[in-house]
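Written out below as structure tokens is the structure these notes cover.
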Amino acid sequence: MRETEFEFIRGLVYRHSRINLGADKRELVSARLGKRLRATRLPSIGAYCQLLQAETDGNELAHLIDEISTNHTFFFREIAHFEFLTRTALPELRARLPRERWPAFQIWSAACSSGEEPYSIAMALEEGSASAWPWRIECTDISHRILARAQAGIYREEAVAKLPPERSRRFFDRGHGPQEGNYRVKAALRARLGFQQLNLLEGEPPFAAPFQVIFCRNVMIYFDRKTQAELVQKLTRHLVPGGYLFVGHSESLTGIPHTLQAVRPAIYRRAPHP
């Protein structure tokens, strides 16, 4: 991949998604462009860049951002977050927030990827004390393709096999026939999650806010400091006073202007009303 080609792709992706591709991502970008070359049947990255320059509908650009933004994940990644959510955050919120004003827990999985994160939240809620209080999880992601996978809730056996057997039996249906080797999240659980495409830096969440809890993990690592600060400010606005923000364990708000209180590593809280 030529330097000029990388710089063109880098600039295009930044302008439309705010994802900051450093020089160390050049090989990754080249590898992921290989998929688009095969899909478009183009002979070279140079020809692909010409396609991006010429298109007027943004269709291929959307495919490109899909490829660049896809993040590997798995069920109950960074499990300490789910333990804190069910053992500390939600019981505290439940005791403090008046039920007549907040009749249900509203949780936002802001970059839900292929769905493992929000379904993990849902399983944790059902297994914990929050099951007695109505709850809803709203899920967004920049990628249409990956969001469709999340909404379908279908996973390969090797992904579900890492869960305790009792959890997989309770929350998944095993596929048969053409779906042999696949597991699908049970319909009753899927019904409590909503899915919408969203560029976090461009639009507002397409559903009612604010939220008691927001998960926005392993997203800020793709952004420069200015964009990180903008994102944190937006997320804070959508938290109730006393609400919690979870970020990835490799992320920190150190050096980013914000008004949140650090609670645990990668867990922050909006100050409650006095």
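Take the conditions under 17 Å from the mean Cα position of the chain (by Cα), under 24 Å from V263 (Cα atoms) and small (G, A, S) and apply them to S109. Does it pass? Can you show your working first?
On the way: under 17 Å from the mean Cα position of the chain (by Cα): yes; under 24 Å from V263 (Cα atoms): yes; small (G, A, S): yes.
Judged against the criteria, S109 is a match.
Within the stretch 207-229, which residues are touching a residue at least 60 places away in the same chain (Cβ under 8 Å) and either touching a Ser or Thr at 6+ places or on another chain (Cβ under 8 Å) or closer than 20 Å to A271 by Cα (or both)? Spell out the reasoning first.
Our first condition is that a residue be touching a residue at least 60 places away in the same chain (Cβ under 8 Å); within the stretch 207-229, this holds for 207-219, 222-224, 227.
A209, P210, F211, Q212, V213, I214, F215, C216, N218, Y222, listed by residue number.
Looking at the structure I just gave you, is E202 at pLDDT below 95 and more than 23 Å from R87 (Cβ to Cβ)?
Yes, satisfied.
May I ask you to verify whether S120 is in a helix (DSSP H, G or I), hydroxyl-bearing (S, T, Y) and surrounded by 22 or more Cβ atoms within 10 Å (Cβ to Cβ)?
Numbers: in a helix (DSSP H, G or I): yes; hydroxyl-bearing (S, T, Y): yes; surrounded by 22 or more Cβ atoms within 10 Å (Cβ to Cβ): yes.
Yes; evaluated as a whole, the condition is true for this residue.
Out of the residues in the stretch 170-191 that are surrounded by 15 or more Cβ atoms within 10 Å (Cβ to Cβ) and in contact (Cβ under 8 Å) with a residue 24 or more places away in the chain, state the one that is nearest to Q151 (Cα to Cα). Walk me through how you get there before you give the answer.
To start, the set of residues in the stretch 170-191 that are surrounded by 15 or more Cβ atoms within 10 Å (Cβ to Cβ) comprises 171-173, 175, 182-185, 189-190.
Going one step further and asking which of them are in contact (Cβ under 8 Å) with a residue 24 or more places away in the chain, we end up with 171, 182-185, 189-190.
Working: F171: 15, N182: 15, Y183: 14, R184: 10, V185: 10, L189: 11, R190: 8 Å.
Checking each candidate, the answer is R190.
Here are the criteria: (1) surrounded by 14 or more Cβ atoms within 10 Å (Cβ to Cβ); (2) not in a helix (DSSP H, G or I). Tell me which single one G203 does not satisfy.
With (1) surrounded by 14 or more Cβ atoms within 10 Å (Cβ to Cβ); (2) not in a helix (DSSP H, G or I) applied to G203, the lone miss is (1).
Looking at (1) closer than 26 Å to I19 by Cβ; (2) in contact with a Phe, Trp or Tyr (Cβ under 6 Å, 6 or more places away or on another chain); (3) modelled with pLDDT of 95 or more, find the lone condition where V160 falls short.
Looking at each condition in turn, V160 falls short on (1).
Going through the stretch 53-89 one residue at a time, which ones are loosely packed, with under 14 Cβ neighbours inside 10 Å, β-branched (V, I, T) and at pLDDT 90 or above?
Selection gives I79 alone.
Give me the pairs: first residue in the stretch 251-270 and surrounded by fewer than 18 Cβ atoms within 10 Å (Cβ to Cβ), second residue charged (D, E, K, R), beta-carbon distance under 6 Å, and six or more apart or on different chains, which are they?
Q261/R269; V263/R269
Take the stretch 13-28 and flag every residue that is out of contact with any helix residue (DSSP H, G or I) (no Cβ under 6 Å at 6 or more places or on another chain) and of a type in the set (A, V, I, L, M, F, W, C).
Within the stretch 13-28, A23, L28 qualify.
What residue, of V213, V232, is of a type in the set (A, V, I, L, M), assigned to a helix (DSSP H, G or I) and either under 15 Å from the mean Cα position of the chain (by Cα) or not assigned by TED's automatic domain parsing to the domain that holds W135 (or both)?
On the way: V213 fails: assigned to a helix (DSSP H, G or I).
Exactly one of V213, V232 is of a type in the set (A, V, I, L, M), assigned to a helix (DSSP H, G or I) and either under 15 Å from the mean Cα position of the chain (by Cα) or not assigned by TED's automatic domain parsing to the domain that holds W135 (or both), namely V232.
The values are calculated or read from the model by the stated rules, or taken from the named source; none is laboratory data. Nothing here was measured: the structure is a model prediction, and the numbers come from that model. Positions of Cβ are generated from backbone atoms using ideal geometry, with glycine treated the same way; all protein chains shown enter the neighbour counts.
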